[in-house]
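The values are calculated or read from the model by the stated rules, or taken from the named source; none is laboratory data. Everything quoted here is computed from the prediction, not taken from an experiment. Here the Cβ is made from the backbone with ideal geometry for all residues, glycine too, and neighbour counts use every protein chain on show. Accessible surface areas use protein heavy atoms only, side chains included; no ligands, DNA or RNA. Shrake-Rupley method; radii C 1.70, N 1.55, O 1.52, S 1.80 Å.
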Amino acid sequence: MDKIAFKILNYFSLYNKLNKEIKSSIWFTICNFFQKGFQFLSIIIFTRLLIPEEFGKYTLYLSWFTIISSLSTLSLYADTFNIGYSKYKNKYNFYISIIGLSIFFVLLTGTISWLFRKNLPYILFQNDVIFVYFFIQLLCFTLLQFWSAQQRFEYKYKALVIVTFGQMLITLFISLILLIFLDALALYLIIATSIGYLIVALYVIYDIKNNIKFTFTTKYWKNSLWFALPLLPHYFAYMALAQADRVIIGNIQGVEAAAYYGVAYQISQAVALIRISIHGSYLPWLYNQLKKEEYENIKFVTDRIALLLLTLIFIAILLGPETLKIFASNLYRDALWSMPPLILSAYYMFLFTVFMSVELYFGNNNAVMIASVSCAVINIMLDYLLLPYFEYYVIAYKTLACYALLAFFHFYLCKKTLPYKLKIEKIFHYKKLFLYSNIGVICMCFYLFLYNYDIVRIIFIGIVLSLVIYNKNYVIQTIKSLKMN
């Protein structure tokens, strides 16, 4: 017991010695994990409470919410905020002003949608109750996105962790109350999700009011719109790549097929979540390194992150059957064959976001739009070509191919975007990064074969985990490499 206590104290001592950037990176990763972790917990609970048809409705609702939230806010909380907050001297003035601009567009979207609500998707606006809760959630979501982004830039992780846990617990509690005591319908899940957002949004408003002087001005609107509008097709296309598949599957093969694919997609987001968390710390660090022209650091850290992410992907694919049993009932067992390509897609997402971030840093917004829109159009066209003749799970493999294509597009555009005399090989070991992706595809095919041979698959899981444990220092050094200098 004394040895265990000593080790615990030693870990606390090491943690306290870390600077605020490293602590923030750790907690933001944990925060993102639990924020998205609710989605996985919801699959475990809700697939056992709801029949596939009702869960499919909720899945389609979330898909439409993601698409419309991206369009209605112009995704100003993403790259537009990141670039502006890092460059403007009066950061807080910019912060409040861009929130106001986003809320204006959300209210405008709500007004137009109300006037034409009879022409909107049935699954989304089948009655006025869903309409009202949808836009309550959208307003609160917008505010929370800006606040979370600002907390990351200021390395204020404590409040963000509390809000994340609060939203998760409140939403889960209200969902269970409504589903158990009223009825197991998708409608009550929608209501619970909206109320969860509303409660944490009230805290966010309180926090902003008490910590930031309210200095609203429209002078930042022009530059923000000038930067964001060319990227809007990119954000929409990116959302279409991630969400349109479920919507189209639901339209062509039915709500139940959308539910099966939705379960596979949500489970695959475990790895995507790690990628998003890493990128949340990697992006400010990357911009800082580009500003200081520390290109060798970028090479070193990007290689390490790519290899670490690919290793986690291998583990996730190998554990696919067990993961599905944990997260969903036997009614959803057919979702297994959609999971591996969706999980591997996280690596290509990492590649294209890395290349795209460099494009945005050097101001090539139009190139970002062209690449994303092209891939989204190809993605949707293939959906309509394939789904009438093949089962829904073929869409997962098509999605992997589209993300691979997007990564190659952004690599090419990044190469063309860089200033004269600055070559892409000076910033990235791109050949190594794409070599990792080829290894990933080969291993995915092999692991699919192992799904029929559990003993051999368990042996491979043990080998991969042993390699991770043996190289634990590699993981620790990778995290430390993101230190802001």
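Here are a few things to note about the model shown:
- Answer from ILE205, ILE174 - the residue that is touching a helix residue (DSSP H, G or I) at 6+ places or on another chain (Cβ under 6 Å) and of a type in the set (A, V, I, L, M, F, W, C): ILE174
- Restricted to the range 410-445, and to residues there that are of a type in the set (Phe, Trp, Tyr) and within 27 Å of the chain's Cα centre (by Cα), the residue that is least open to solvent (accessible area, probe 1.4 Å) is PHE428.
- Enumerated helices (runs of 4 or more DSSP H) restricted to the range 307-400, each holding at least 1 residues that are open to solvent by 20 Å² or more (accessible area, probe 1.4 Å) and touching a Cys at 6+ places or on another chain (Cβ under 7 Å): 365-386
- Verdict on LEU49 being surrounded by fewer than 21 Cβ atoms within 10 Å (Cβ to Cβ) and not hydroxyl-bearing (Ser, Thr, Tyr): yes
- Residues in the range 184-214 that are open to solvent by less than 80 Å² (accessible area, probe 1.4 Å) and not in a helix (DSSP H, G or I): ALA184, LEU185, ILE212.
- Among the residues making up the range 153-164, those that are open to solvent by 50 Å² or more (accessible area, probe 1.4 Å), in a helix (DSSP H, G or I) and at pLDDT below 80 are PHE153, LYS158.
- In the range 265-306, residue modelled with the highest pLDDT [restricted to those that are hydrophobic (A, V, I, L, M, F, W, C) and open to solvent by 20 Å² or more (accessible area, probe 1.4 Å)]: PHE300
- Figure legend. Inter-residue proximity from the range 455-470: first residues open to solvent by 70 Å² or more (accessible area, probe 1.4 Å), second residues assigned to a helix (DSSP H, G or I) and not acidic (Asp, Glu), beta-carbon distance below 8 Å, spacing 6+ or different chains. Indicated pairs: LEU465/ILE315; LEU467/THR311.
- Residue match in the range 56-74 (condition: open to solvent by 10 Å² or more (accessible area, probe 1.4 Å), part of a helix (DSSP H, G or I), among the charged types (D, E, K, R) and at pLDDT 75 or above): yes
- Of the helices (runs of 4 or more DSSP H) that lie entirely inside the range 215-288, those containing 2 or more residues that are in contact (Cβ under 8 Å) with a residue 12 or more places away in the chain and over 17 Å from THR80 (Cβ atoms) span 245-253.
- When PHE173 is tested against (1) open to solvent by less than 10 Å² (accessible area, probe 1.4 Å); (2) without any contact (Cβ under 8 Å) to a residue 24 or more places away in the chain, exactly one condition is not met: (1).
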